[in-house]
Amino acid sequence: MHHPVFSGLKPCLLVFLYMVAGCSGAPTFNPTTFPYAIDQERLEQSSIKTVVIAHVNLGAPSRNYLAKEAPRIDSQIASYLKENGYKVLPQRTFEQHWNTAVRAFGNPVDPTSGKMNTKTFAQIMHRVRDEMAANTDLDAFVFTDVVEFDASFSGGLKHLARWDGVTRTPTMQGPGDGVSTDFDWSMLAAVASLQVAIYDMELKPIFSGRGGLDATEAIDSRSSKGRYIRRRNILENERHVQEGIELAFHPFIRFEDWPGQP
């Protein structure tokens, strides 16, 4: 389960995130639940008690309007980890060591294309790991990428969208209060998920998972033909964000209402 971002053997950062793994039972089955990956043996050997949440993505950087919400979501994640018995080191500690390493090795993200240089990323992470291992009691790094893709609210009369274990209804934005009768419900809207990856101090993957958050687009009530526009308040629903966090961390932290296949 050695991840290519640290080995430099493959270009794709997220190969490991798509490994198939088992799930545990739950009251309401959702077929879109993400197949988490967990190295149980390595997890038991690592005895993870102290973690730090990276301020950078493991994959490509999030869109700017999502990146602005990342500190708030990371704060909610830190609270969830603490509630479940983990010590969470200040993110600024990671950020300081990261910035020092960037000055030595260069920025791993191409500002023009947004693509990640996996070799540079690996060099930086090894330097950060060495520094934090020498100066803290850190056991693992937690990467929390907010990713965006498309889904449709075409499911049934209630117009539901399902992705990564969640079920959401559309919202409207604008002065109107109704949807045109000929609105195309198969049209795709942007939605967001939380993608979590945890690495031990050997920079080997322990766990990955993903949980749906909310739609980042709403129905534009001003449009006579019907369309989606970006929501003014992105990921504002704390309950939805919390559900996404709980889904993304299961079963590293067990989620009692896990909707995946038993």
Seminar exercise, completed: From the option list Ile73, Ile53, Ile38, Ile77, single residue qualifying as more than 25 Å from Leu235 (Cβ to Cβ) and either modelled with pLDDT of 95 or more or under 14 Å from the mean Cα position of the chain (by Cα) (or both) is Ile38
For this session: Among residues belonging to segment 176-193 that are more than 25 Å from His250 (Cβ to Cβ) and at pLDDT 85 or above, point out the one that is most open to solvent (accessible area, probe 1.4 Å).
Result: Leu188
For this session: Return the total of residues in segment 53-68 being open to solvent by 40 Å² or more (accessible area, probe 1.4 Å) and touching a residue at least 12 places away in the same chain (Cβ under 8 Å).
Result: 6
For this session: Return a yes/no flag: does segment 97-118 have any residue that is acidic (Asp, Glu), open to solvent by 60 Å² or more (accessible area, probe 1.4 Å) and outside any helix (DSSP H, G or I).
Result: yes
Problem set entry | In segment 219-245, the residues that are part of a loop (DSSP other than H, G, I, E, B) and either of a type in the set (Ser, Thr, Tyr) or surrounded by 13 or more Cβ atoms within 10 Å (Cβ to Cβ) (or both) | Ser221, Ser223, Ser224, Gly226, Arg227, Arg231, Ile234, Leu235, Asn237
Exercise. Any residue in segment 199-217 that is aromatic (Phe, Trp, Tyr) and open to solvent by 20 Å² or more (accessible area, probe 1.4 Å)?
Worked result: no
For this session: Being modelled with pLDDT under 95 and within 22 Å of the chain's Cα centre (by Cα) narrows it down to one of Lys115, Lys82, so name that one.
Result: Lys115
Exercise. Is it the case that segment 204-216 has a residue that's part of a loop (DSSP other than H, G, I, E, B) and closer than 26 Å to Thr50 by Cα?
Worked result: yes
Exercise. Filter segment 76-96 for residues that are touching a strand residue (DSSP E or B) at 6+ places or on another chain (Cβ under 9 Å) and small (Gly, Ala, Ser); which is least open to solvent (accessible area, probe 1.4 Å)?
Worked result: Ala78
Exercise. Out of all the residues in segment 120-173, which are closer than 21 Å to Ser62 by Cα, of a type in the set (A, V, I, L, M) and either more than 17 Å from the chain's Cα centre (by Cα) or open to solvent by less than 30 Å² (accessible area, probe 1.4 Å) (or both)?
Worked result: Ala122, Ile124, Met125, Val142, Val146, Ala151, Val166
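The values are calculated or read from the model by the stated rules, or taken from the named source; none is laboratory data. Values in this document were obtained by computation on a predicted structure and should not be read as measured data. So basically every Cβ, Gly included, is an ideal-geometry build from the backbone, and we count neighbours across all protein chains shown. For accessibility, only protein heavy atoms count, side chains too; no ligands or nucleic acids. Shrake-Rupley method; radii C 1.70, N 1.55, O 1.52, S 1.80 Å.
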